[in-house]
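The values are calculated or read from the model by the stated rules, or taken from the named source; none is laboratory data. All of these numbers come straight from a predicted model, not from anything done at the bench. All Cβ positions, even for glycine, are placed from backbone atoms using ideal geometry, and neighbour counts span all protein chains on display. Ligands, DNA and RNA are excluded from the accessible area calculation, which covers all protein heavy atoms including side chains. Shrake-Rupley method; radii C 1.70, N 1.55, O 1.52, S 1.80 Å.
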Amino acid sequence: MPFKFALVGNPNCGKTTLFNELTGSKQYVGNWPGVTVDKKIGYTREGGHEVADLPGIYSLSPYSMEEIITRDYIIQSKPDVILNIVDGTNIERNLYLTLQVMELGRPVVLVVNMLDEIEARGDKFDWERMGAILGAQVLPVSARKGTNLKKLIPVLERAAKEKRKPNLPVYDHATQNALHEILVLLSGRFSQEESIHFYAAKLIEGDSHVLKKLSLNDAERKELTAIIARYEATAKLGDRETMMADARYKYISTVIAKTVERNPARKRSVSEYIDMVVTNRVLAIPIFLLIIFCMFALTFGTVGATIQGWLEYLFNDLIGVWVHDALVSANAPQWTFSLLIDAIIGGVGGVLVFLPQITLLFLCLSFLEDSGYMARAAFIMDTFMRKIGLSGKSFIPMLMGFGCTTPAVMAARTLENERDRRLTILLTPFMSCGARLPIYAVFAGAFFGKMAGIVIFSMYVLGLVIAIVCGFVLKKTLFRDNNAGFIMELPPYRLPSMQTILIHTWEKCKGFLIKAGTIIFSMTVVIWFLQHFSLTMQYVTDSGQSIIGSLGRLLAPVFAPLGFGQWEASVSLLTGLVAKEAVVSTMGILYGVGDAAGSLSAILPQVFTPASALSFMIFCLLYTPCISAITSIRREMNSGKWTMASIGLQLGIAYTVSLTVYQIARLFL
Amino acid sequence: MTKRLKDLGKNKTGIVTAINCSGASKRRLIDMGITPGVEVKVVRVAPLGDPIQISLRGYELSLRRSDAKDILVEI
């Protein structure tokens, strides 16, 4: 019979690597209900047991979503065995979580990872004795090298059958006393509760969630207050939370003293040497920028663009032509050509061509994350990013935004803190993405001659300035509460496991492919319909007479104060919602000059003035990104409300800034 | 002599004596092992002067000066 295992451990202890080793590709990734914390369920290759990969956490406190999810999952789903993975090179802090997990009262198997590093350091562990003290099977492994992993499933199965509860930690007298008194207090009503020791310890810590959950009556609460008062009185500088943490760490010290013999002749680790260079006062920022540049060059430069070219060839010249020929030989009506070739192959294909870049980007990001560099990048950039209310880790998604908003928003997943993640997602679209460049190129070329380069560059700067101003304002208003601080582990540098990187990248790509196949596909068809049918449901080839054309006419007066009240401009902006590349091509079609950018540049001065051209460029820079980006925002925000807020913010700012610039610029230009 | 951790200075070591903040940030600090009696060493300061990197219980932790100001150390 298959069992249910829950994988628990600190961040950076090799938890994901172990999960991948156990389950291979048989994983399901989703979100925990209501929050954007990854929920991963997998099935072991041997035995088909269910494994839930719980979020990487340091404790079971009630202050972070990840920690609450973990403890609630264990208490409610009652996994047969908790598989607690700890980093053997950092066992002291890792065991802090273990003690709390043990108090939950479920069978525990302790997997001590990084056996290879422990041996390289020359540290000696008495595994048997550690297991005897903790009351749990202890298995040393190296998840990366595969050492001892074969033994893991049998060990887990045995633990699930034996159903042995782990031993309870033995704390100092004062703590033991207080715990005992609370147990007596609770035992009347909660005697059947297997997590009672966990609840007792959490009540000492003053955990408000547990207090609420147990719904103690007034007399019980009063008694609890008295117990805590007596407990706190036993220590000079103690308060309940610090005293409890201290008790846990003291117990861990006694366990380690009995079971671990550290090699006294410790060499300086490789990590320390790398850090001396990488986070060096002078070199840190140049190295960081160089790494970012390389990542950018790989993703959006030659390699990415070449593969993208192949995909474009595949869609337009192979599939497109093939479908075209098939339709011709089937004598299909004219509108099917437009729907299948222009809209579906063109539209969905136009989004799918970003797949190579997304793949490359996530290969790079996973590598940086798993190698330990991402934490250093956050460390280096934190002061700078904090000025606009963000944390160091936001820098990378924001920078990615200059390439493409879609993967940039997805990259915000690397931020643990929900507030930082939301703010990053709100600000990222202001980074001018690659698809907007053709718009600037055409307009700046047509109106600003020699100044074109400066005008285009100033668009990028303007986007940055708007993001900084917005960040600053949001920090002072909506996002004021930031008590999470910036307390972050700097894990040792490690060579990431290839399998983990590939699986992580594949997950991201799969999400993108599903999105392209569903939302983007249906939106493309809807927009095609609006573009090719008139209000009387007649098929039209001139989109000026289509529904979208009518919408454009309806919308045009709104943009008149911004200097571009022509319906063609409004329709172009509407089609720009599908993809920003569509703005220029739509304009070409509407002004009857076709796709060629050159001929569009020739006709634009007849309909735009330099001031309105500038205003139009700014609007394109700032207004809502394409559908692909909006769906990513929706997915990562995990909230319709926030998505609407994001769209509203962008439209509002785009309108205001364009209006201001136009009204001022027309006095001078 | 008692100092705030933020003023400890690079490559200096101290013993934590008190954590004078509350709520989530205090919880996070003590969960990460910053409890009275633990030895901490300031390893590095970020290029822009903040945050700082400290070493304790055999691992490396970074925290902002605003978090470190509430931690008292004895040297």
Task: Residues that are surrounded by 21 or more Cβ atoms within 10 Å (Cβ to Cβ) and either touching a Leu at 6+ places or on another chain (Cβ under 9 Å) or polar (S, T, N, Q) (or both), drawn from the range A:385-399 - done: A:389, A:390, A:391, A:393, A:394, A:396, A:397, A:398
Task: Tabulated pairs, the range A:280-292, first within 12 Å of chain B (Cβ to nearest Cβ) and at pLDDT 90 or above, second part of a loop (DSSP other than H, G, I, E, B) and loosely packed, with under 14 Cβ neighbours inside 10 Å, C-beta under 7 angstrom, 6+ apart or interchain - done: none
- [ ] State the number of residues belonging to the range A:250-267 that are part of a loop (DSSP other than H, G, I, E, B) and of a type outside the set (S, T, N, Q).
- [x] 5
Task: Evaluation of residue A:493 against (1) surrounded by fewer than 22 Cβ atoms within 10 Å (Cβ to Cβ); (2) away from chain B (no Cβ under 14 Å); (3) touching a Gly at 6+ places or on another chain (Cβ under 7 Å) (one fails), failing number - done: (2)
Task: Residues of the range A:108-134 satisfying the condition of being of a type in the set (Val, Ile, Thr), modelled with pLDDT of 95 or more and surrounded by 20 or more Cβ atoms within 10 Å (Cβ to Cβ) - done: A:108, A:109, A:111, A:112
Open item on the list: If residue A:85 satisfies all but one of (1) within 14 Å of chain B (Cβ to nearest Cβ); (2) touching a Gly at 6+ places or on another chain (Cβ under 6 Å); (3) modelled with pLDDT of 95 or more, what's the number of the condition it fails?
Closed with: (1)
Task: Selection from the range B:60-75 of residues that are open to solvent by 10 Å² or more (accessible area, probe 1.4 Å) and in contact with a helix residue (DSSP H, G or I) (Cβ under 9 Å, 6 or more places away or on another chain) - done: B:60, B:64, B:65, B:66, B:67, B:69, B:70, B:72
TODO: Name the helices (runs of 4 or more DSSP H) wholly inside the range A:567-655 in which the number of residues that are more than 22 Å from residue A:546 (Cβ to Cβ) and outside the structural domain of residue A:461 (by TED's automatic domain parsing) is 2 or more.
DONE: none
TODO: Scan the range A:434-460 and report the pairs whose first residue is modelled with pLDDT of 85 or more and among the charged types (D, E, K, R) and whose second residue is in a helix (DSSP H, G or I) and crowded, with 16+ Cβ neighbours inside 10 Å, with Cβ atoms within less than 7 Å and a gap of 6+ or a chain change.
DONE: A:436/A:620; A:436/A:621
Task: residue A:403, sole failed condition from (1) in a helix (DSSP H, G or I); (2) open to solvent by 10 Å² or more (accessible area, probe 1.4 Å) - done: (1)
TODO: State all residues of the range B:1-56 that are of a type in the set (S, T, N, Q), farther than 17 Å from residue B:73 by Cα and within 7 Å of chain A (Cβ to nearest Cβ); if no residue qualifies, say none.
DONE: B:25
TODO: Considering (1) free of Cβ contacts under 8 Å to residues at least 40 places away in the same chain; (2) touching a Phe, Trp or Tyr at 6+ places or on another chain (Cβ under 6 Å); (3) open to solvent by 40 Å² or more (accessible area, probe 1.4 Å), say which one residue A:72 fails and leave the rest.
DONE: (2)
